[in-house]
Amino acid sequence: MHKIAEVEIQHDIMVANKKLAKRNQKILDKSNVFAVDVLGAIGSGKTSLIETLIKKMNLKIGVIAGDVISKFDANRFEQYKVPVVGLNTGKECHLDAHLVEHALEDLPLEKIDLLFIENVGNLICPVDFDLGSHIRMVVVSVSEGDDTVEKHPLIFKDSDLVVINKVDIAEAVDADEEKMASDARMLNPDAIVIKSSLKTEKGVDEIINVIENFMNG
Ligand SMILES: Nc1nc2c(ncn2[C@@H]2O[C@H](COP(=O)(O)OP(=O)(O)O)[C@@H](O)[C@H]2O)c(=O)[nH]1
Ligand SMILES: [Mg+2]
């Protein structure tokens with residue numbers, strides 16, 4: 001009995017979140033904002049990648065930065081003078097569409113072409129919570145271990161762009177970046193898989209091209 005009630009509540013939450021996510025996407029579309037949900041473990045390089053893209057992309061960029069507490073990542077983005085809203089999730093391990101709805105109210109959407117939403121760092125909880133973004137980009141670093149992709153199939157099945165990051169240190173951590181890329185391709189043949197290093201900027205132009213192609217439909 002107890003279990004059935006829990007499952008029902010969970011189901012209701014998911015249905016409500018889906019509805020809000022659809023509404024978020026309508027709000028974004030009305031202002032011609034393309035949104036990317038940026039997923040990945042703590043330390044995989046999500047903030048660093050968004051910072052690199054802010055510097056290199058010739059577009060008006062905005063950011064929603066999810067942090068468990070405080071405004072750690074939001075403060076990092078603020079130095080680039082782009083519109084930023086920091087969201088705190090407290091004990092929750094993912095953003096949800098309701099939190100993002102409030103962040104959208106605080107952003108000057110008319111002045112943004114491309115919105116990055118940095119989700120809370122982990123490869124599990126955010127999967128089921130659609131935020132209303134147009135694509136999902138997952139960043140996984142070689143230092144998480146080259147079995148990380150195959151161990152977390154759902155997030156890779158559900159992402160449009162997979163970035164295998166920190167390839168500059170692959171040898172030092174005995175990781176096979178090719179295995180990670182081929183695991184991702186096997187799990188999701190439709191996803192675009194790019195190997196990157198934010199230290200050498202390997203793969204960054206490719207990531208930019210892919211995001212721009214998605215934006216142009
Ligand atoms: N060597 C190397 N370090 C990286 C790379 N990308 C990010 N880092 C470092 O990894 C750490 C975590 O990066 P961060 O962007 O904060 O990760 P996040 O938690 O996913 O947002 C920082 O010290 C970055 O400088 C990379 O491609 N190569
Ligand atoms: Mg971060």
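Figures for the structure shown
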quantity: Residue tally, condition in contact (Cβ under 8 Å) with a residue 60 or more places away in the chain and not in a helix (DSSP H, G or I), over the stretch 162-217; calculated: 6
quantity: Some residue of the stretch 79-99 being more than 16 Å from ligand 1 (Cβ to nearest atom), over 19 Å from the mean Cα position of the chain (by Cα), closer than 29 Å to Asn216 by Cα and not in a helix (DSSP H, G or I); calculated: yes
quantity: Residue within the stretch 32-49 that is more than 13 Å from ligand 2 (Cβ to nearest atom), out of contact with any helix residue (DSSP H, G or I) (no Cβ under 8 Å at 6 or more places or on another chain), farther than 15 Å from Glu201 by Cα and without any contact (Cβ under 8 Å) to a residue 12 or more places away in the chain present; calculated: no
quantity: Filter pass, Asp146 being farther than 17 Å from Ile208 by Cα, within 16 Å of ligand 1 (Cβ to nearest atom) and assigned to a loop (DSSP other than H, G, I, E, B); calculated: yes
quantity: Check on Arg76, more than 16 Å from the chain's Cα centre (by Cα), within 13 Å of ligand 1 (Cβ to nearest atom) and in contact (Cβ under 8 Å) with a residue 12 or more places away in the chain; calculated: yes
quantity: Among the candidates Met14, Met57, Met1, residue that is modelled with pLDDT under 95 and either within 16 Å of the chain's Cα centre (by Cα) or under 29 Å from Ala184 (Cβ atoms) (or both); calculated: Met14
quantity: Filter result (within 11 Å of ligand 1 (Cβ to nearest atom), part of a loop (DSSP other than H, G, I, E, B) and not hydroxyl-bearing (Ser, Thr, Tyr)) within the stretch 32-67; calculated: Ala41, Ile42, Gly43, Gly45
quantity: Qualifying residues in the stretch 74-92 (those that are crowded, with 16+ Cβ neighbours inside 10 Å, in contact with a helix residue (DSSP H, G or I) (Cβ under 9 Å, 6 or more places away or on another chain) and at pLDDT 95 or above) - the one nearest to Asn122 (Cα to Cα); calculated: Leu87
quantity: Boolean, Leu28 is crowded, with 18+ Cβ neighbours inside 10 Å, more than 12 Å from the chain's Cα centre (by Cα) and away from ligand 2 (no atom under 16 Å from the Cβ); calculated: yes
quantity: Residue ID - nearest to Val36 (Cα to Cα), chosen from residues in the stretch 138-182 that are touching a strand residue (DSSP E or B) at 6+ places or on another chain (Cβ under 8 Å) and of a type in the set (S, T, N, Q); calculated: Ser159
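The values are calculated or read from the model by the stated rules, or taken from the named source; none is laboratory data. Owing to the predicted nature of the structure, the values given are computational and were not obtained by experimental measurement. Note that we place each Cβ from the backbone using ideal geometry, even for glycine, and neighbour counts take in every protein chain shown.
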